Structures are given as C-alpha cells and as structure tokens.
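The values are calculated or read from the model by the stated rules, or taken from the named source; none is laboratory data. Quick caveat, the model's predicted, so the values are computed rather than measured. Neighbour counts run over all protein chains shown; Cβ positions are idealised from the backbone, glycine included.
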C-alpha cells in the first residue's frame, strides 16, 4: 500500500513540473483575452452600486495587467478605480487614480480611453467646484466621443458641458446644448438624459424669470423621471418646482413639491445606507476570514476525535481522489491547449479585422479630405468665373457676345452645382448632416419647388401636376430643407428624362398616430423609364442609365444618391417602379409631425432696400490676396454705392482697423502670412463691436465652430449669390430686420 502511495506522489510531482511552465503561459494568454470582458463587467457593478465586488475585481485586474505589462488595460483599470471612488464621494482618491490613468494614456496611442479618463476627471473637477477646468475636460472628451460615434457618451458629455455652463452663468450657451441633448435623447431613447435636460432647461428658465416655461419644462422632466422610476431625477424636479411655485406665490403647491423632495431624499438615503462601500468591506472581509479560521480549527478538533477505522477509510478515499484529480489535470491540460490554440486563432482573426477596419477608415477619411480640398480649390477660381460673367452681362455686351456669356454663366452654375453635390454626398457619408426641424407649410413647399422647376419642364414641353391629399394638414414641424432637396432632385430627374409628357407629384397620407402623420410622396413620369438591371444601382453615387444617356441628358449621377442619404437621415424609405418606354415612379415614405403654429415670412428685395440707405459715410475693408477676387468684390461693392479699401494680407488688415474706423470687414481665410482667422482674433482683442464677415471658399459646416470662436459675425461662402450678399450687408448697415407675420 505504501508503494502505491509513493508512485502516486511521484506521478503528481512530475506532472506538476512538466505542466507548470506551460500553464503559466496559457494563463497569461487567457487573461489577456478576458481582461476586457472583466473590465466591462466591473463597470456595470460600479453603475449598479456593487462597490465591494467592484473593488475586489479592480484590485485583481490591476494585478493581472501589471503581470502581463498591458499598459492600455492598466490605464483603463485605474480610470475605473477613479470612477468607483468618485461614486463613493472619495474625491481625493478618485483624483489620484485618474492622474495615474491619464499619465499612462498620454504615453500610449489610446485617444478614446484618454477621452473617457478626461471625462471622469471633468466630473471630479465639477465636484470640487473647479468649473472652468471641468468645462475644458468635458469639451475635449465630447469632441472625441463624437468623432468615434459613441452616441451615449457624446450626449452625456454634452449634458455635462451644459451643466457646467449653468454653474458659470452662461445660460444661453447651456440652453442650446440642452436642446441638442433633448433632440438626441429622443432619437436614441435616452430617457434619463432627456429628463435631466428638461429639468435643467426649467432651471435656466427660472433663473431668467420665465416662470411659465420653467414650470412646463420641469413638469415634463418630472413626468419622464417617474416613467423610468429614477428617484434622483424626481428629487431634482421637485426641488426646482418648489423654487418655481415659491416665485409664483403658489405656496400649497410649493409645500407639496418640498414634501415629495424630502420623501425622495429619505428613500435615496436608505438605498445609499444599504450599499456596501470599500471601507466597510475591508472590515467585513477581516471578520469573515477570522470566522473561517475558527471554523477550520473546530473542524480539525472534530476530525482528531474520529475513530482509527474512519481515518483509514478517509486515507483510501484520498488516494482515489488524488488519482481522479491527476486524470482531471491531464484532461484540463489538453483542454487548455485546445482553448489556447482557438483563442490565438480568434485573436489573429480579430487583429486582421481591426487592421482592415482601420484601413477602410483611413481610406474614407483620405477621400473626405481630398474632396474637401479639391472642392475648396475649385470654388476660388469659380468665384472669378461667375463674378466676371455676371458683371459682363450687366455692362451692355455686344449682341453677338450675350449668347457666349450666357453659355459661360450656365457652365459656371453647372460646375457649382456639381461641386455642391459632391460636398453633400461627402457630408452624408461622413455623418456630418444633422436634422434641422422648423415649422413649414408642406403644400406650399411642394408648390414652390414645382414653380421653381416649371421653366425647365416647359423647355421639354412637359406638364407638372400636383395632387395633395385632402386628409393631410398643411403645417408640419420637420426638416423642410431636406424635404425640398429631395423633391428638387426627384422632380428634376423626371424632367430630365421626360419630353412631351407629364409628371405627377402626389402627397398622400398612409396613416396617422396622434400628431404624427405617415405620408407618401410620389413622383411619377411617363418618360424613358429604367431597365431592371439599372434599378438596383440607381441610388449609388455617379450611377446613371448608361454612357449614352449621360451624354444625351447630362447630369452628375449624384442626385438620387443624395436623395437616398437624406431619406436615411429622416428615417424614411424610398423605392421605385419603372418600365422601359412607359415611365418611372419614385415613392418616399416618412413620418412627419403636425404643428398648430404657422409662420409666414414676407420676402424682401434687399437690392432695392440697400440703395435707399445713406451709404456715403460707410467704410468697408476688403482683405483678399487674390487680385481677380479683389477686383470682383470691389466692383460689386461699388455697384451698390459702397466705397472700400482693399489689402492683401492679415497683418496689414489688423493695422488698418487700428488706424481707421470701418463699418464692415470682409475677411478672406487663406492668405500669405497670418490667416483670416488669426487676423480676426487679433482684431477682437481690441475691437469687439466691428462687424467682420468671413468671405471664404471653405465649406461652412466644416469650419463653423472655428469661425464662431474666432469672432466672425457671419460667413459669406464663395461663390456667393449677390442677393444673399446684399441681404447681409443691408441687415448690418440698417436697424431693420426681416418682416415676420405670425
């Protein structure tokens, strides 16, 4: 029997020595692949208030990341330590850990997790009432979240920026950001952020003594927080309502709100009391360990009192158990080898997929930057082409020159349309197009689009018919600009391919839910039609029926691709039916909200209005390095009875503004020396009131925030329409505003 025991012992020792190094290597690889999952699980425990379990997990994870020298995961674990201590109000420990995390992330290429750490640091600074520092941290992380497409974190960061601005008493800026939070929360169904944003809009309205608005918004916030059973948000709503009712003199309602606030505060205090914090857990753990030792000692005493026969039986069972465990060890060793190979294979596949994804993202970004650069470079000379053509047509050209000039004007307009189409597609693909809802008359919008395109239809001897469902109201709240673009592209497409025929534009109601109307817009023609093969690719960029059709009918092949992108943004759908020789029908289905309000804007002729102003003392400075553009801009201003000085660089512009009192500065952006943006910043350091327009070929959406931060009053994009230019100048030089009739 003793020999058998000895053999078993030797076998186990040898087995341990052989498998131990391989087991360590296996464990390292397995840990590396599982750490990310454990971190995610720990984050959920912090969010759910399981602080004791979260602390243990983080301590284990930190030890694991240090062993395998995984700096990226180590920094993430440290930032989660900070988040844990922030949740337990241990601010000093939270800041210590976040400094460690940021220090590591600054030395490695991990921008996303660095942004998350800065966001946590911003929350710490907010707790410490260091609001300016918190604002910088929130803004920097918010930018990264938007670039990375992290919708929830972007909305949270936007809300934190708004909260910080309220503390800094920048209420208008905070209001705009809270509106964005509400819009995105509705889109992605973030009810907690939606409720919090409504509460804070109510608080801002209270601070601005707009008590009715404050009451309405805060009640909405309370109702939504009750729906999601969020006690913290309910407490916040009742606190704000108490302030509003006190200001309104409704003391009974104030007392009711304060009673609800106190009850909610008590409920939250009980919940907080039941949570186990890291400091308490340490004590509990020590007690538990001592109890375990005592229990073990008692067990040992009991075992010693057992009979000799029972001890022998246990010895035999132990040998059997050791044998079984040895077999299990061999089995686990083989299984670990198989799992390691599988994990390695999956890891390699993941690496390959990530590499391909990065290549695709780099290619998409390169394409976007290339298109932005090319279109900008095309816009600058196009400004000269369109400007000079318009001037020549207005200067009584010879009869035999008029047709040539009109052809040149048509070519310039076509090129500008093509450039704008490319930019639109580029923005849609880069997810830079956002919803811009406003109140508008849908029936009037359809009629206006048809009226604008009617001359083109008449050139093809084609009639356009409008059919508007009598069950549909006229006034809606939606993105009318995108609906106009969709209609213009679809009707324009039908006009292009329909000669001596008819086009029908139909707007019908599919169903109605409260104020939401599900509508169908149909554009039908009896033109040349589309083949079955081409129908599948009609909504792709640069797609047309054939080379012959492209040559015969013209066009860029971008219109329907733009339509598809815009409809996706509106969360609608589009499909078509077509038959060669019989025509084509496009169908759009989307949801739109009915509005009880209506706004009509009376159109002004600013070209006539600006002539009526006394402009003899008006001084304008044109800052432009391109000689042709200088001449064009100066001629346009002179034609409007305006005198101007022209210079070609930013440094001289700053000096001229210091020495001369100007009413308006037209500032180009790209110039030798300092840029127009830098020149404007320098001017704003000593003159806050001067009106400065950015006269630029840069696309507005790409640089709007940068222009606004530099101090520009407005932007005029080249090549510009003269009526838009005249309108902005008129509104600047006069105290008049557009006439609005409610």
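If you scan the stretch 249-264, which residues turn out to be assigned to a helix (DSSP H, G or I) and surrounded by 14 or more Cβ atoms within 10 Å (Cβ to Cβ)? Across the stretch 249-264, the qualifying residues are 253, 254, 256, 257, 258, 260, 261, 263, 264. Scanning the stretch 570-589 for any residue that is assigned by TED's automatic domain parsing to the domain that holds residue 708 and touching a strand residue (DSSP E or B) at 6+ places or on another chain (Cβ under 6 Å) turns up nothing. Counting only strands (runs of 3 or more DSSP E) that sit completely within the stretch 447-540, those holding 3 or more residues that are surrounded by fewer than 20 Cβ atoms within 10 Å (Cβ to Cβ) and in contact with a helix residue (DSSP H, G or I) (Cβ under 8 Å, 6 or more places away or on another chain) correspond to 463-468. Can you find a residue in the stretch 290-297 that is at pLDDT below 85, part of a helix (DSSP H, G or I) and farther than 30 Å from residue 50 by Cα? Yes, because at least one residue in the stretch 290-297 is at pLDDT below 85, part of a helix (DSSP H, G or I) and farther than 30 Å from residue 50 by Cα.
Selection of first residues in the stretch 650-662 that are surrounded by fewer than 15 Cβ atoms within 10 Å (Cβ to Cβ) and of second residues that are in a helix (DSSP H, G or I), restricted to Cβ pairs under 9 Å at least 6 apart or on distinct chains, gives the following pairs, ordered by first then second residue: 658/683.
If you check 578, 591 for being outside any helix (DSSP H, G or I), surrounded by 18 or more Cβ atoms within 10 Å (Cβ to Cβ) and modelled with pLDDT of 85 or more, only one passes: 578. Which pairs turn up if I take residues in the stretch 351-365 that are modelled with pLDDT under 70 and look for partners that are in a helix (DSSP H, G or I) and surrounded by 10 or more Cβ atoms within 10 Å (Cβ to Cβ) with beta carbon separation below 8 Å, at least 6 apart in sequence or on another chain? Close Cβ pairs satisfying both conditions: 364/429. Check the stretch 116-123 and report whether any residue there is surrounded by fewer than 16 Cβ atoms within 10 Å (Cβ to Cβ) and either under 27 Å from residue 65 (Cα atoms) or at pLDDT 90 or above (or both). Among the residues of the stretch 116-123, not one is surrounded by fewer than 16 Cβ atoms within 10 Å (Cβ to Cβ) and either under 27 Å from residue 65 (Cα atoms) or at pLDDT 90 or above (or both), which makes the answer no.
Please indicate, with yes or no, whether at least one residue in the stretch 618-629 is farther than 21 Å from residue 728 by Cα and assigned to a strand (DSSP E or B). Within the stretch 618-629, none of the residues are farther than 21 Å from residue 728 by Cα and assigned to a strand (DSSP E or B).
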